[in-house]
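The values are calculated or read from the model by the stated rules, or taken from the named source; none is laboratory data. For clarity, every value in this text was computed on a predicted model and none was experimentally measured. Here the Cβ is made from the backbone with ideal geometry for all residues, glycine too, and neighbour counts use every protein chain on show.
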Amino acid sequence: MLGSTCEGFSAAMNETPQAEEPPGAVGDQFHLPDRVPSVMGQLVPAGARPLGYAALAAAYGLDVPAPDLIFATGERHTLRTEGPWSILTPRYRPADTLVAHLAFALRHEAVDLGLLAALFRRPAAGTSIADWVRRQPTGKHPRRAWFLFEWLTGERLDLPPAPKVAAADAIDPERQFVVSGEILPRYRVRDNLPGTPQFCPLVRLSPDLTTMLASDLAEEARAVVRRTAPDLMARAAAFLLLQDSKASYVIEGERPPQDRIQRWGQAVGEAGRTAISEDEFLRLQRLVIGRDTRFLRLGWRVQGGFVGHRDRDTNAPLPDHVSAKPEDLRALMGGLMEFAERSEAGGLDPIVSASCLAFGFVFVHPFEDGNGRIHRWLLHHVLARRGFNPAGVNFPVSAIFLERIEAYRATLEHFSRPRLALTEWETTPDLNVRVLNETRDMFRFFDATHQTEFLSAAVLQTVRDTLPREIEYLRRYDLAKDRIQNFLEMPEHKFDLMMGFLRQNGGHFSKRAREKEFGALTDDEASAIENIYADLLHDHG
């Protein structure tokens with residue numbers, strides 16, 4: 001098996017390339033020139049020739065987002081990477097047929113459902129795959145192609161049931177995250193896709209995510225809770241929940257009143273208790289928006305949507321992201337909810353499942369407003385429902401996203417930028433956007449690896465830094481309180497206010513606080529309090 005990085009190339013160089021399946025029928029032959037300048041928006045390196053998915057996209061003019069990792073063959077007998085390209089030696093170049101390059105892709109590349117959906121709409125695809133299966137009825141890759149063709153198109157090829165051979169996995173579990181799945185006798189293929197044809201993002205087993213899997217972050221979090229006193233843990237959890245609720249509004253550029261922040265915090269704290277549904281999404285939108293709904297329509301959008309800016313002179317839209325078409329929303333959101341059920345029942349990794357659902361939701365952007373906060377609520381929902389975070393503790397993912405706001409935006413743009421280039425749209429009379437081409441595949445089939453890596457890093461930071469740091473801060477706060485109360489009696493609310501002033505002013509009383517709110521303190525008392533703060537809390541606030 002070829003590697004997707006330079007490390008994998010060295011092993012591949014020592015192998016004799018496995019012969020790909022024989023070329024397909026005459027009808028699926030194509031001709032690629034020796035020099036293809038670009039494919040799927042990616043410049044082809046000098047001396048390289050597209051291979052696998054890249055060759056199919058170039059030959060059949062597929063307007064789809066490029067995979068993060070794409071293959072080509074070079075002129076020299078050396079292996080190298082160049083940007084997203086993995087460039088192999090000439091001996092890996094198959095015949096220029098649909099079947100030969102599809103066989104390479106199924107053998108060596110991660111399954112790209114969006115690209116396959118576009119390919120399978122070409123007239124030659126069904127006939128070529130059927131011929132391939134007839135020639136090699138026991139071959140696992142022909143059977144995988146057959147299953148994926150019928151799964152994606154809804155068309156039934158004129159083929160008898162597969163012979164009784166070992167079942168092949170639709171998705172290679174060594175390359176992408178899968179569910180347990182069931183074996184379908186027609187193909188002798190295990191349907192381990194985590195979703196349905198209505199919505200099925202996939203995630204590669206990248207080096208970062210493989211490392212994450214090797215670390216039992218859920219157990220690490222439970223261990224933190226076990227060694228923390230229950231009352232201290234409860235206070236830490238309450239603070240982190242409030243911090244997350246505030247951050248979720250700040251990310252959207254809003255400063256809502258405290259009661260809305262607390263209500264949203266309560267919704268986050270209750271996430272995971274029931275399965276997601278259309279009614280639950282509508283309830284969450286009403287909670288996010290608040291009482292004043294005069295200027296928007298609640299529920300699924302009935303018009304276009306975009307994220308971005310407006311022209312200063314004309315107020316025309318300048319999108320950074322164009323949302324799914326309103327006529328596609330019911331199918332997409334139905335598919336998203338089916339994905340939630342199937343991925344949970346099939347044991348998909350919780351972080352992968354949370355990422356696919358939450359980022360899939362915000363990319364679709366089904367509401368006029370409230371999408372961002374509900375997107376982050378979905379992260380809490382999946383992690384809590386799958387028992388990933390300890391009972392009563394919500395990982396403050398919004399707060400960490402806010403800390404890493406530029407990386408968060410880049411994660412969103414990683415999806416949006418290539419799709420914006422493929423979206424044809426116009427400005428409507430009411431200065432909205434109207435999408436003119438078909439875009440549903442871009443929202444139902446996408447590679448969520450980049451987004452999952454970002455989320456896993458945020459969870460890792462929560463477990464190993466944020467949660468222990470907050471617990472340690474509260475422990476030191478209590479020690480400071482005990483020391484101060486040895487020589488000073490002060491009401492609880494006044495003490496908390498005083499500590500807040502000190503935290504905001506670098507551990508010292510400001511002139512105003514010293515003269516007004518805490519004018520009753522003697523100089524010795526004020527100095528002692530500042531010394532205790534410096535000793536216990538100055539570097540832990």
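Summary of values
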{"quantity": "Qualifying position, being buried (at least 24 other Cβ atoms within 10 Å of the Cβ), within 26 Å of Leu113 (Cβ to Cβ) and within 18 Å of the chain's Cα centre (by Cα), among His381, His414", "calculated": "His381"}
{"quantity": "Subset of region 136-149 (residues that are assigned to a helix (DSSP H, G or I) and either out of contact with any Gly (no Cβ under 9 Å at 6 or more places or on another chain) or free of Cβ contacts under 8 Å to residues at least 12 places away in the same chain (or both))", "calculated": "Lys140, His141, Pro142, Arg143, Arg144, Ala145, Trp146, Phe147, Leu148"}
{"quantity": "From the options Glu155, Glu150, residue that is exposed (fewer than 15 other Cβ atoms within 10 Å of the Cβ) and either modelled with pLDDT of 95 or more or charged (D, E, K, R) (or both)", "calculated": "Glu155"}
{"quantity": "Checklist (1) free of Cβ contacts under 8 Å to residues at least 40 places away in the same chain; (2) closer than 19 Å to Arg376 by Cα applied to Glu327, failing item", "calculated": "(2)"}
{"quantity": "Condition met for Ala117 (more than 27 Å from the chain's Cα centre (by Cα), buried (at least 21 other Cβ atoms within 10 Å of the Cβ) and not assigned by TED's automatic domain parsing to the domain that holds Ala324)", "calculated": "no"}
{"quantity": "Cross-chain or 6+ apart pairs with Cβ under 9 Å, region 35-48 first and over 16 Å from Glu75 (Cβ atoms), then acidic (Asp, Glu)", "calculated": "Met40/Asp63"}
{"quantity": "Tally, over region 169-221, of residues that are touching a residue at least 40 places away in the same chain (Cβ under 8 Å) and part of a helix (DSSP H, G or I)", "calculated": "9"}
{"quantity": "Subset of region 192-218 [farther than 21 Å from His108 by Cα and either of a type in the set (S, T, N, Q) or surrounded by fewer than 23 Cβ atoms within 10 Å (Cβ to Cβ) (or both)]", "calculated": "Thr196, Pro197, Gln198, Thr211, Met212, Leu213, Ala214, Ser215, Asp216, Leu217, Ala218"}
{"quantity": "First in region 269-284 and without any contact (Cβ under 8 Å) to a residue 60 or more places away in the chain, second anywhere and of a type in the set (Asp, Glu), Cβ under 7 Å, 6 or more apart", "calculated": "Thr274/Glu280"}
{"quantity": "Check on Asp279, in the same structural domain as Tyr249 (by TED's automatic domain parsing) and in a helix (DSSP H, G or I)", "calculated": "yes"}
{"quantity": "In region 55-107, the residues that are closer than 22 Å to Phe446 by Cβ and free of Cβ contacts under 8 Å to residues at least 24 places away in the same chain", "calculated": "Gly61"}
{"quantity": "Test: Leu284 is at pLDDT 85 or above and crowded, with 19+ Cβ neighbours inside 10 Å", "calculated": "yes"}
{"quantity": "Residue identified as modelled with pLDDT under 95 and crowded, with 17+ Cβ neighbours inside 10 Å among Thr466, Thr452", "calculated": "Thr466"}
{"quantity": "Residue list for region 184-221, restricted to those being out of contact with any strand residue (DSSP E or B) (no Cβ under 9 Å at 6 or more places or on another chain) and of a type in the set (Asp, Glu)", "calculated": "Asp208, Asp216, Glu219, Glu220"}
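Rundown of residues vs (1) over 25 Å from the mean Cα position of the chain (by Cα); (2) closer than 28 Å to Glu424 by Cβ; (3) of a type in the set (D, E, K, R); (4) modelled with pLDDT under 95, yes/no style:
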| position | (1), (2), (3), (4) |
| --- | --- |
| Gln18 | yes, no, no, yes |
| Phe30 | yes, yes, no, yes |
| Gly52 | yes, yes, no, no |
| Arg76 | yes, no, yes, yes |
